[in-house]
Amino acid sequence: MSKPSEIPPPNFFKKVRNYFREYCLCTSIHGFRYFGEKRTIFERVWWFINFVICLAGCVYFIYGVYKKWDTSPVIVTFATTGTPIFDIPFPSVTICPESKSVQSIFNYTKVLQMKEDGINVTQIENTNFAYLSLLCDLRDDQFYSKFTDYKYTYSDDFFNVINTVKAKFDIQDCRYMGLSHNCKNLFTPILTDEGVCYTFNMLDRSEIFNDSMVHYRDYHHVGRVSHQWTMKDGYTQDAGIYAYPRRALYAGATNGLTFNILTQKEDLDYACTSMQGYRVLLHTPIRLPRPSQQYFQLPLDQRVVGAIHPLMITTSESVKKFRPEKRECYFPTDRKLKYFKIYSALNCMMECLTNYTLDVCGCVNFFMPRENGTKICGTGYIDCLIYAEAAMQVKHLKNQLNQTKLQKSPGLDVDCNCLPICDDLTYEVDISQSNWDWEKQKAAQRQKYQNYSTEKTHMSSLTIYFDTNSFIRSQRNELYGPTDFLANFGGLLGLFTGFSILSLLEIIYFLSVRMICNLYLYGFWAGPQT
C-alpha cells in the first residue's frame with residue numbers, strides 16, 4: 001500500500017499571507033476582516049478603496065487639528081466667575097498741567113514775542129526759553145534754529161529749570177473711599193514727556209527702575225512699597241484694606257477718587273500749548289506713563305466724571321511650556337529689561353525707544369530713562385528725536401505685520417519684541433463732563449471758598465470710580481491639553497476606522513507575543529503549517 005503524498009510546506013509569502021488573514025479576522029479595526037476572507041477580487045478592491053478613502057479623510061482631519069494646535073496653542077476665554085474689584089489695585093491717576101510754567105517766574109509768551117520782534121533777551125531768559133520749548137507743542141526744526149539757543153546736548157541744569165518754573169499744582173478737597181485726605185500725601189511729582197506731572201497710586205521708583213537709573217531729586221519717590229501686591233499674583237492673603245497700591249473696596253462715585261484743581265488765569269500760556277487745562281491718564285501702578293500719547297482732557301471750569309471698566313487677563317501655568325512667540329506673551333521671568341525691574345509691554349517700548357534714540361542720536365530725550373554719563377538731547381537734535389521715534393514705530397509695525405523682522409541692524413542695538421505681559425491689567429474709562437458754575441457754589445458756600453477769587457481763578461473737578469463691584473476677566477489656557485489632544489486624535493481615528501488603544505495592542509500582539517507563542521506551540525512563528 002503506497003504512502004499518502006505529503007503536503008509541501010507553504011513558502012514564506014504564503015505564510016505571511018495566511019498570518020495576515022488570521023490578523024484580519026481577529027482585529028477590531030473596521031473593514032479589515034473583509035481583506036482576510038476568501039472573496040472575489042472585485043470585493044477586495046472595493047473594500048480597499050473605501051478603506052483608503054476613510055484613512056485619507058482621517059489623516060486630513062487629524063492634520064487640521066494638529067495645525068490648529070501648532071499655530072494657536074493658546075486660547076483666550078472668559079472666566080466662569082466674576083472677580084471683585086478689591087482684588088485689583090485702583091488705577092494710577094497721572095495728571096499733567098497743560099501750562100508748563102508760572103508766568104511770574106518765566107513768561108514764555110513774552111520771551112517768544114520779544115524774539116519775534118528782534119528785542120534782545122537776557123541769557124537766563126534765552127536758556128529758559130530753550131529748555132521750555134522742548135515741553136511745548138511740537139515745532140519744526142526751523143523754529144528751534146531761529147528762536148532758541150540751538151544746543152545739541154543739555155546738562156542736568158535742564159531739570160533744575162523745569163522744576164523751578166513748573167506750573168502750580170493747586171489741588172484741593174481730595175477724597176478717596178469716602179474719606180478726606182491730604183492732597184500732598186496722595187500725589188507724587190514725576191517727570192514725563194509732558195514735563196512735571198503728578199501721579200496717584202503708582203509704585204515707588206525703587207520698585208520700577210533698576211538701581212543704575214539716574215533720578216531727579218525726590219521725584220517719583222512715593223515712600224511706600226508694595227510687598228503685598230504683584231501684577232501676576234495680585235494681593236496676598238494677609239493684605240488688608242490699607243495695602244499699597246491702594247485698592248477700592250466698593251464701586252460708586254462716593255468710593256472713588258475726587259478732587260478739585262485751581263488754576264490761576266495769569267498762568268495760562270497760549271503760545272506754549274493750544275489747549276488749556278490738564279491731561280489725565282489712567283494706568284497700572286507698574287507702568288511709566290506717556291501722557292503725550294494717551295490721555296483724556298480735564299478742561300477749565302468743567303466737572304469730569306470717569307467710570308472705570310477693568311480689563312484683566314490671566315494665564316494658566318500650563319501655557320508656560322510654550323515659547324513666548326506661540327503664547328504671544330511674556331511671563332515676568334521670560335525677559336529682563338535694562339532700565340526697568342518689572343516687565344510690561346509699554347515699559348519695554350519705552351526702553352526700546354530709549355535704546356534706539358541713543359544709538360541713532362547719541363543722546364536721549366529728557367523724559368527717557370538713562371544712566372550716568374548719558375547725554376540729554378537738546379534742541380539741536382529735534383529732527384533726530386522725531387526721526388528715531390518714527391523709524392522705531394515703523395520697524396515695530398512691520399514686525400507685527402510679518403513684513404520684516406525687527407532685528408539688530410549694524411551699529412543699532414535694538415530689540416523691540418515687546419509682547420504683552422501674560423498677566424496684565426488695563427483700565428477703560430467712560431468720560432462724561434459738564435460745565436461747572438463753581439462761582440455760584442462759591443457764593444453759596446462762603447466759609448469753604450472765602451479765599452478764592454473768581455476773577456483770577458479757574459476751577460476743575462475730577463471724579464474717578466469703578467462702576468461695578470465685580471467684573472469678568474479673560475483667561476489664557478491651552479487650546480488642547482494632553483487629554484483633549486488625545487480625545488480629538490483618538491475620536492477621529494475611531495470615527496473613520498474604529499481604531500483604538502486595543503487595536504494598537506492587537507498589532508503589537510500579532511507582531512511579537514503571538515509569534516513567540518506559535519514557536520512554542522507549533523515550532524513555527526506563523527502557527528500550524530497546514
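Read the figures in this text as sums done on the coordinates, not as results from a lab. In this text the structure is predicted, and so the values were computed from the model without any measurement. In this analysis, Cβ positions are derived from the backbone assuming ideal geometry, glycine residues included, and neighbour counts consider all displayed protein chains.
Put a plus charge on the Cβ of each Lys and Arg, a minus charge on the Cβ of each Asp and Glu, and nothing anywhere else: the dipole of the chain about its Cα centre is then about 2200 debye. Quick one: which of Lys375/Lys395; Lys166/Lys338; Lys115/Lys151; Lys67/Lys326; Lys100/Lys151 span more than 19 angstrom between C-alpha atoms? Where the Cα-Cα span goes over 19 Å, the pairs concerned are Lys375/Lys395; Lys166/Lys338; Lys100/Lys151.
I'd like to know which of Cys384, Cys348, Trp436 lies farthest towards the positive end of the charge dipole of the chain, counting +1 on Cβ of Lys and Arg and -1 on Cβ of Asp and Glu. The one lying farthest along the dipole's positive direction is Cys348. Taking the charge dipole of the chain about its Cα centre, with +1 at Lys and Arg Cβ atoms and -1 at Asp and Glu Cβ atoms, the residue from Phe187, Asn255, Thr71 reaching farthest to the positive side is Thr71. Residues whose amide H comes within less than 5 Å of that of Tyr244, counting only those at least five positions distant or on another chain, are Gln228 (H built at 1.01 Å from N in the peptide plane). Note on the chain: dipole from Cβ charges, positive end direction compared against Asn469, Tyr19, Val225; the farthest Cα belongs to Tyr19. Taking a straight line from the alpha carbon of Lys38, these lysines sit under 19 Å away, with near neighbours fewer than eight places off in the same chain left out: Lys14, Lys15.
Taking other Cβ atoms within 10 Å as a rough exposure proxy, His220, His30 sort from fewest to most as His30, His220. Skipping prolines and chain starts, which residues have an amide H placed within reach, meaning under 5 Å, of the one on Phe340, given they are 5 or more residues away or on another chain? The list, which skips near neighbours in sequence, is Asn210.
The 3J(HN,Hα) values that the Karplus relation (6.51, -1.76, 1.60; θ = phi - 60°) gives for the range 207-219 are, in residue order, 9, 9, 9, 6, 5, 6, 5, 9, 10, 9, 6, 9, 5 Hz. Gly and Pro appear as x. If R0 is 45 Å, the Cβ-Cβ spacing of Ser512 and Thr333 corresponds to a FRET efficiency of close to 0.45. Across the range 329-338, coupling constants 3J(HN,Hα) worked out from phi with the 6.51/-1.76/1.60 Karplus curve, θ = phi - 60°, read 6, 10, 7, x, 7, 6, 8, 10, 9, 6 Hz, and Gly and Pro carry x. Give me the net charge of Lys14's neighbourhood, meaning all other residues with Cβ under 14 Å from the Cβ of Lys14; Lys, Arg count +1, Asp, Glu -1. Charge balance near Lys14 sits at +3. Kindly express, to the nearest 10 degrees and within the range 0 to 90, the angle between helix 123-133's C-alpha long axis and the longest C-alpha principal axis of the chain. Its long axis makes an angle of about 30 degrees.
Going from the residue with the fewest nearby Cβ atoms within 10 Å to the one with the most, Ser180, Ser503, Ser99 rank Ser180, Ser503, Ser99. Within the range 83-477, what percent of beta bridges assigned by DSSP are antiparallel, to the nearest 5? The antiparallel fraction comes to roughly 85 percent. With contacts defined as alpha carbon pairs under 8 Å and 6 or more residues apart, what's the relative contact order of the range 83-477 in percent? About 27 percent, as a whole number.
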